[in-house]
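Sharing a structure here in structure tokens format.
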Amino acid sequence: MESENRTEVSEFILLGLSEDPELLPLLFGLFLTMYLVTMLGNLLIILAVGSDSHLHTPMYFLLANLSFVDISFTSTIVPKMLVNIQTQNKAITYAGCLTQLYFFMVFICMDNLLLTVMAYDRYVAICHPLYYVVIMNPRLCSLLILVSLFISIMSALLHSLMVLQLSFCTDLKIPHFFCELAQILKLACSDTLINNILVYLMTSLLGVGPLSGIIFSYTRIVSSILRVPSTNGKVKAFSTCGSHLSVVFLFYGTCVGVYLSSAASLSPRRRAAASVMYTVVTPMMNPFIYSLRNRDMKGALRTLFRVLLLHQSQRRGLTLLKVQKTGKALP
């Protein structure tokens, strides 16, 4: 098979979810709506946590960081897909593809590690409540965030540098809506053995490792809750980690579903459709899960809406006052 040197590769072709012209407008509207809902929902979570002093706790600090990562995660993928659908141009430059690949791996790894840190936070809160403030102090929370970010950056950088060493064939069509590492490796003409070993190794360390940490944390949490004598105490303890547990099931469930669909040798199009669940749907659902299941978050959002409405009404009042003084409409 004829191959090209990697420096001569100018662009890849993202085949997307469908080639049906009649379906493209529907996909554009659907993904644009989901993207806007994701942005709005996660921004509201960040603003609510930042504006309400009652939410200045480790749990909500980690939640605000998770919302920021979800915004960044979807912004790495969805805007380019929307542009490709709207312009009906499926091309993405070589540099753009590697950039998207890098940030996608950074944010999905960060998402994974943040869920593990949040599980540890719930473990300390329920199993060691008297020492919670001492253990989960602001310094430790910031350190855990920075360590997670450092691991994510280094892991993504390692994969990206290994991809840079590959040469690619003339067929540069990616059967996906974004530059996924596994699909890029399939297009390479050079040997990808080291790349594949690295993928399996990093998946084991950064996938199975954090998941094991979450399972261990919740095993200890459940064991501790079952020792609570009152039913009300058990319900209250379970409610404090219910939202996080729902997000964990949603994130890992969709990721495992995509992996199993790949192992079952489904068509690349179906695998791409399955990937929508953890790349678009999960970041969109997280704000709903945390806001609908959390009384403090619902209260903070109501307060935030009242403040925004009050600010808007004050601006309108100042505008009307200025119009009355000047005797003419503002430009």
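The values are calculated or read from the model by the stated rules, or taken from the named source; none is laboratory data. Everything quoted here is computed from the prediction, not taken from an experiment. Glycine also receives a Cβ, built like all others from the backbone with ideal geometry; neighbour counts cover every protein chain displayed. Side chains included, ligands, DNA and RNA excluded: accessible areas come from the protein's heavy atoms. Shrake-Rupley method; radii C 1.70, N 1.55, O 1.52, S 1.80 Å.
Among the candidates Arg139, Arg122, which residue alone is assigned to a helix (DSSP H, G or I), in contact with a His (Cβ under 7 Å, 6 or more places away or on another chain), open to solvent by 10 Å² or more (accessible area, probe 1.4 Å) and more than 25 Å from Arg271 (Cβ to Cβ)?
Working: Arg139 fails: in contact with a His (Cβ under 7 Å, 6 or more places away or on another chain).
None of the other options fit; the residue is Arg122.
Are there any pairs, at least 6 apart or on different chains, whose C-beta atoms fall under 6 Å, with the first in the range 75-92 and without any contact (Cβ under 8 Å) to a residue 60 or more places away in the chain and the second of a type in the set (Asp, Glu) and assigned to a helix (DSSP H, G or I), and if so, which?
As it stands, the answer is none, since no pair meets every condition given.
Go through His159, His176 for me and flag whichever is in contact with a helix residue (DSSP H, G or I) (Cβ under 7 Å, 6 or more places away or on another chain), under 16 Å from Arg269 (Cβ atoms) and at pLDDT 85 or above.
Of His159, His176, the one residue that is in contact with a helix residue (DSSP H, G or I) (Cβ under 7 Å, 6 or more places away or on another chain), under 16 Å from Arg269 (Cβ atoms) and at pLDDT 85 or above is His176.
Testing Gln100 on (1) in contact with a Lys or Arg (Cβ under 8 Å, 6 or more places away or on another chain); (2) surrounded by fewer than 18 Cβ atoms within 10 Å (Cβ to Cβ); (3) over 30 Å from Ser224 (Cα atoms), one condition comes back false. Which one is that?
So the condition that Gln100 fails would be (2).
Just one of Leu161, Leu166, Leu185, Leu143 is within 30 Å of Lys236 (Cα to Cα), of a type outside the set (Val, Ile, Thr) and either free of Cβ contacts under 8 Å to residues at least 60 places away in the same chain or touching a Lys or Arg at 6+ places or on another chain (Cβ under 7 Å) (or both); which is it?
Numbers: Leu161 fails: within 30 Å of Lys236 (Cα to Cα); Leu166 fails: within 30 Å of Lys236 (Cα to Cα); Leu185 fails: within 30 Å of Lys236 (Cα to Cα).
Going through Leu161, Leu166, Leu185, Leu143 in turn, the sole match is Leu143.
If you don't mind, another one. Give the residues of the range 8-59 that are in contact (Cβ under 8 Å) with a residue 12 or more places away in the chain, open to solvent by 50 Å² or more (accessible area, probe 1.4 Å) and of a type in the set (Ser, Thr, Tyr), sorted by residue number.
Ser10, Ser51, listed by residue number.
Of all residues in the range 96-121, which are without any contact (Cβ under 8 Å) to a residue 12 or more places away in the chain and touching a strand residue (DSSP E or B) at 6+ places or on another chain (Cβ under 8 Å)? It would help to see each step written out before you state the result.
Looking only at the range 96-121, we keep the residues that are without any contact (Cβ under 8 Å) to a residue 12 or more places away in the chain, and these are 99.
Across the range 96-121, there are no qualifying residues.
For the condition in contact with a helix residue (DSSP H, G or I) (Cβ under 7 Å, 6 or more places away or on another chain) and farther than 23 Å from Phe104 by Cα, what is the one hit in Thr219, Thr240?
Working: Thr219 fails: in contact with a helix residue (DSSP H, G or I) (Cβ under 7 Å, 6 or more places away or on another chain).
Answer to the selection: Thr240.
Scan the range 194-252 for residues that are more than 30 Å from Thr74 (Cβ to Cβ) and touching a residue at least 40 places away in the same chain (Cβ under 8 Å) and report the count.
Qualifying residue count for the region: 4.
Could you tell me how many of the residues in the range 75-125 are of a type in the set (Gly, Ala, Ser) and within 16 Å of Asn65 (Cα to Cα)? Before you say what the answer is, go through the steps one by one.
Kept after step one, since they are of a type in the set (Gly, Ala, Ser), are these residues of the range 75-125: 75, 91, 95-96, 119, 125.
Checking the rest, the ones that are also within 16 Å of Asn65 (Cα to Cα) come to 75, 119.
Residues meeting the conditions: 2.
Since Leu166 meets every condition but one in (1) in a helix (DSSP H, G or I); (2) over 19 Å from the mean Cα position of the chain (by Cα); (3) not small (Gly, Ala, Ser), which condition does it not meet?
(1)
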